Structure formats: C-alpha cells, structure tokens
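**Q** Next up is a structure, given as structure tokens.
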C-alpha cells in the first residue's frame, strides 16, 4: 500500500473503517478467531548512523504482531534506545524500511508522522513525565490533546483509563500526592487512553522499588491479556526473562529472538 504523504490518521476514513471492522469481528462469535495477527511493527534492514560514522543500529530486522508482549533487552550502548526511537517514530533510519501499523514512515512528512505517532503509539518512560500541580485525570487527558477530541471527551476517556489501571479512586490526586508506583500507573493510563496499536514501555520499573515494579509489570501483563501490544525496553535480564518473547540486542544488532521461553501464567 502506498501512503499519501499528506495523510492524517486522525481523519483517515480507511483507518476508521479498519477499526470498525476489527470491532465487528470481535463482536461476531462466528468470526475466525484463528486468523493470523497483523504486524504492528515491521523493520527490514534498518540501519541508523550518526555523524562520525557511529552506527547505532546495523541491519535490524524485527516484526511485532498484534497482541504480543515482548522485551527488547540489552546493556547500555547496545542500541535499544535508538531502536525505541525508530519504532516509536521519534527518529528516522539512515537506511532500511519501517512500517508502523501498516504505514511506511518514509512516505510521511513530519506532520503526518506526528499524527500517526499520536494515534498509534503510546509511550511510558522511567521518569513518568507528569505535569505537577494538576490532577491525575488532567494528566491523562493531556495525552489526548492532539486527538481532536473535545475536552469533555478527553476527560471521560482519561477517567476510563485510570479505572483500567486501578486508580479510579485517585483521579483528583496531584502527582505529589501519589506514590512512585501510582505515578507510573498514571503514565500508563495516559499511554493507553487513546487505544494505541503499540505501547512502548522504556525501563518502566527503573525508578520504582521492587514491589512497585512487580505491580507495574503485572499491570502490563493484564493490559496485554486485554489485547494490547506491548514492547518493554529494558536492561533488566530478569524482567526480560519473565516475558513471552525476548529480543536481545548488542552492538546495534539483534543477536537473539527467543519466543515462548517464559513460564508466564495467564
């Protein structure tokens, strides 16, 4: 499919039709539940070089299908952060092909790429990035600012997302009134409020104590069981080993791609 460089995913009738068709299929008990999942992420021969000839990624091939839960794991300097930026459409590759939610990012201008990111990708970071002085609900609604939705609808969806992550009783609390684990749950609610095709969680437990970190990982598993596609970017081998798929990266190359290795309970 060739993508129009002026495409705007917030108004694309094809996108809406696809969403409606997916919803209809879920509602139809006679639909084929064994149909193969579609790719959410497709990277083919992706290389990223920086000035001075430094190659952060070297010919990376990676496919992530809808409904997957995986870890992208590697030490500092391995290229995992660059891979996050490429998959999250925050940066473009030097060479290779990147398709996100079926759209070739090379065909998109910056404005259309930003619109695609807003609609199709959610981000969770180690440092939360919450706005101080406003409520948890307002923080989550901030993530929908570029959705084109009216304020009342943004707040309604924010409340739904907070309920989903177990913070329905903390909607009016400000960040300083929340624990670290609760702040990360607000950040996750903000990331999923727009129902993105892909959730990228960058070291989501890095700023948390062990108990809070385990709680956040359990929440991510629950969201995945509800259908979310989630990639956890981490240096933590224990977290990576607990997930159904583990993509190991070193020196800008994928050195292992292990599937169904974790004894994860559903």
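**Q** Take every Cα-Cα pair in region 93-194 and report what % of them are more than 16 Å apart.
**A** Every Cα pair in region 93-194 considered, those over 16 Å come to 58 percent.
**Q** Another one. So, in nm, how far is label residue 256 from label residue 109 when the simple model puts each one 7 Å beyond its Cα toward the Cβ?
**A** 4.6
**Q** Once the principal axes of the Cα atoms of region 37-259 are found, what is the range along each, listed largest first in whole angstroms?
**A** 48, 39, 37
**Q** At a 10 angstrom cut-off on C-beta neighbours, averaged per residue, how do the peptides 242-251, 210-219, 227-236 rank from highest to lowest?
**A** 227-236, 242-251, 210-219
**Q** Give me Rg/Rg_expected for region 36-138, where Rg uses Cα atoms only and Rg_expected = 2.2 N^0.38 Å with N residues.
**A** Taking N as the residue count of region 36-138, the ratio is 1.19.
**Q** In µm²/s, what is D for region 142-182 at 4 °C and 1.567 mPa s, where D = kT/(6 pi eta Rh) by Stokes-Einstein and Rh is the Kirkwood radius from Cα pairs?
**A** The estimated diffusion coefficient comes to 117 µm²/s.
**Q** Rank-order 190-200, 108-118, 82-92 by packing density, defined as the average count of other C-beta atoms within 10 Å over each peptide's residues, highest first.
**A** Descending mean neighbour count gives 190-200, 82-92, 108-118.
Every number in this text was worked out from the coordinates using simple rules, so none of it is lab data. Note that this is a predicted model, so its numbers are computed, not measured. Neighbour counts run over all protein chains shown; Cβ positions are idealised from the backbone, glycine included.
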